[in-house]
Amino acid sequence: MAPGTPDGTPRQAIAIGITGASGAIYAARTLAALLERGVHVELIVSDYGRRLLRDELGETATIENLLPFLASKYGGDIGAGTINLHSNRDLGATIASGSHGCGGMAIVPCSMKTLAAVAHGLSRNLIERAADVMLKERRQLVIVPRETPMSLPQLRNMVLCAEAGAMILPAMPAFYQQPRTLDDLADFVAGKILSALGFEHSLYPAWTGRAGEK
Ligand SMILES: Cc1cc2nc3c(=O)[nH]c(=O)nc-3n(C[C@H](O)[C@H](O)[C@H](O)COP(=O)(O)O)c2cc1C
């Protein structure tokens, strides 16, 4: 059960799985945006996910230092939300069960290895199991794969996940909003993830019919 807000209303809970694909910035931006909205995040990070956070975002981007890192990069509003960090080895965690009221999950970024495991229902670790729970409970599962080029098995695994009800949301930022920085690109992908999970946001400007209008 997600902890309540100061006025006693329950927080919305979303699971985030971070795996060892390139694109740690998408995970960081998604996490910060959910926290800014007061969401309770059930967070699972694979071993290679932890490595990629540091490799791509710097030595301060450790799991132990995650909240201060997000606050320094995105601002102090992230304190509106809460995080419950799980071990990826803990298959007895709350979110391993469909009885937990977690409303949705995003795996961002999603490695081809974890994609394959979700496609085939392996549930060997908590990210895979929590994703399996989302599918069997018919809740929103957003998979953000990152690989290029892709093999036929990888393409087929995406189809299997989509057929099982997941949304395949490739880490594929657009350029019509005229991004100027890496953060602009991350905002776009994070905004797509938030939309898929049912959150309003202003992470990128709505399309107006004219490129570059902000
Ligand atoms: C620096 C680095 C970058 C990687 N980038 C990707 C990637 O973009 N996509 C991918 O599918 N795997 C990538 N991998 C390989 C995965 O990390 C590897 O398959 C790992 O076993 C994934 O495990 P996990 O899904 O449990 O995190 C990368 C590995 C390293 C060390």
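The values are calculated or read from the model by the stated rules, or taken from the named source; none is laboratory data. Worth saying up front: this structure is predicted, and the values here are computed from it rather than measured. We place every Cβ from the backbone using ideal geometry, glycine too, and count neighbours over all the protein chains shown. Areas reflect the complete protein model, heavy atoms only, side chains present, ligands, DNA and RNA absent. Shrake-Rupley method; radii C 1.70, N 1.55, O 1.52, S 1.80 Å.
Applying the selection to the stretch 97-118, what residues are near the ligand (Cβ under 10 Å from one of its atoms) and either farther than 12 Å from residue 132 by Cβ or touching a His at 6+ places or on another chain (Cβ under 6 Å) (or both)?
109, 110, 111, 112, 113, 115, 116
So, in the stretch 101-137, of the ones that are in contact (Cβ under 8 Å) with a residue 24 or more places away in the chain and assigned to a loop (DSSP other than H, G, I, E, B), which residue ends up most open to solvent (accessible area, probe 1.4 Å)?
Among those that are in contact (Cβ under 8 Å) with a residue 24 or more places away in the chain and assigned to a loop (DSSP other than H, G, I, E, B), it is 120.
What tally of residues in the stretch 26-64 results from selecting those that are away from the ligand (no atom under 16 Å from the Cβ), surrounded by fewer than 16 Cβ atoms within 10 Å (Cβ to Cβ) and among the charged types (D, E, K, R)?
Looking only at that region, the number is 1.
Does the stretch 146-158 contain at least one residue that is out of contact with any Cys (no Cβ under 6 Å at 6 or more places or on another chain), of a type in the set (Lys, Arg) and either part of a helix (DSSP H, G or I) or more than 11 Å from the ligand (Cβ to nearest atom) (or both)?
Taking every residue of the stretch 146-158 in turn, at least one turns out to be out of contact with any Cys (no Cβ under 6 Å at 6 or more places or on another chain), of a type in the set (Lys, Arg) and either part of a helix (DSSP H, G or I) or more than 11 Å from the ligand (Cβ to nearest atom) (or both).
Examine the stretch 142-163 for a residue that is closer than 23 Å to residue 123 by Cβ, open to solvent by less than 40 Å² (accessible area, probe 1.4 Å), small (Gly, Ala, Ser) and under 19 Å from the mean Cα position of the chain (by Cα), and state whether such a residue exists.
No: the stretch 142-163 contains no residue that is closer than 23 Å to residue 123 by Cβ, open to solvent by less than 40 Å² (accessible area, probe 1.4 Å), small (Gly, Ala, Ser) and under 19 Å from the mean Cα position of the chain (by Cα).
Quickly run through the stretch 177-211 and pick out the residues that are open to solvent by 40 Å² or more (accessible area, probe 1.4 Å) and touching a strand residue (DSSP E or B) at 6+ places or on another chain (Cβ under 8 Å).
198
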